[in-house]
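One structure is given below, encoded as structure tokens.
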Amino acid sequence: MSYKAMAHIHSLNGEMAEITVLEEVGNNDYIVDYKGVKCHALFNWFVCQFYVDDVYRRVDK
């Protein structure tokens, strides 16, 4: 089940943008879609926000 959320985006220097969370692949590790790019994201439970690394943690498949 995918859902939309707001997240801090690495390529935007931490600015917020909308993502689509596609699946949880590990403990606090998610595959997300940001503007057609699939990449990894972490969820920070202390501030309840996603952090997307669309620069170094892209998913190739």
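No value in this document is a laboratory result; all are computed from the given coordinates. Not measured: the values here are computed from a predicted model.
Just checking the listed ones, LEU42, LEU22, LEU12: in the Gaussian network model of the chain with Cα springs under 10 Å, the one fluctuating most is LEU12. Values (1) -0.55; (2) -0.63; (3) -0.31 are given for comparison; log10 I(q)/I(0) by the Debye sum over Cα atoms at q = 0.14 Å⁻¹, derived from the coordinates here, is the one labelled (3). Among VAL25, VAL37, VAL47, the residue with the largest mean-square fluctuation in a Gaussian network model of the chain, with springs joining Cα atoms closer than 10 Å, is VAL47. Length available on full extension from ALA5 to ARG57: 0.36 nm per residue minus the Cα-Cα distance, which gives 16.9 nm.
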